[in-house]
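The values are calculated or read from the model by the stated rules, or taken from the named source; none is laboratory data. Quantities reported herein were computed from a predicted structural model and do not represent experimental measurements. Cβ coordinates were reconstructed from backbone atoms using ideal geometry, including for glycine residues, and neighbour counts include every protein chain displayed. SASA here: full protein model, heavy atoms, side chains in, ligands and nucleic acids out. Shrake-Rupley method; radii C 1.70, N 1.55, O 1.52, S 1.80 Å.
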Amino acid sequence: MTYTHIPVDSDNPTEDDFDRFCAAMVAADGVPVHVHCIVNARVTAFVYRWQRDVLGGGEAEARAMMDSVWRPGGVWAQFLGDEAGVARASAFAGRDYEARRQS
């Protein structure tokens, strides 16, 4: 088993973070990968972009997986290229994400 730590600032996800994620996924070379974060939010955003931008998967399928966990707003919506979502707060499984993150 290989462990790759990719620290991501929850308040400032960057393209460099996504590039490191992509490099780790490519390095896995088809081996099953377990990706996680403490609240399962960052990981779903990265997997969403991986599916959409790298694998060329369907937007609706990738978004459905992410939306089952959270609905990114603010900097995360910006990171995902969701301009309409930038002005809204993130929601975690239908609840206020920030309140959940603080508990």
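Considering helices alone, the calculated mean residue ellipticity of the chain at 222 nm is -12500 deg cm²/dmol, with DSSP H runs of length four and up weighted by -39500 (n - 2.57) and normalised per residue.
Per residue, the chain exposes an accessible area of 62 Å² to a 1.4 Å probe, with every protein chain left in place.
A Cβ-based charge dipole, computed about the Cα centre of the chain with Lys and Arg at +1 and Asp and Glu at -1, lands at about 380 debye.
Across the options 68, 27, 51, the greatest Cα extent toward the positive end of the charge dipole of the chain (unit charges at beta carbon of Lys, Arg, Asp, Glu) belongs to 68. Here is the size of the chain from its Cα atoms: Rg then Dmax, 13.4, 40 Å. Sorting 55-67, 76-88 by their mean Cβ neighbour count within 10 Å, with the most densely packed peptide first, gives 76-88, 55-67.
Hey, can you list the DSSP H helices of the chain whose Cα span along the axis is 15 Å or longer and whose average Kyte-Doolittle score is at least 1.0?
none
Straightening the chain between residue 83 and residue 10 buys 24.5 nm, computed as 0.36 nm per residue apart minus the Cα-Cα spacing.
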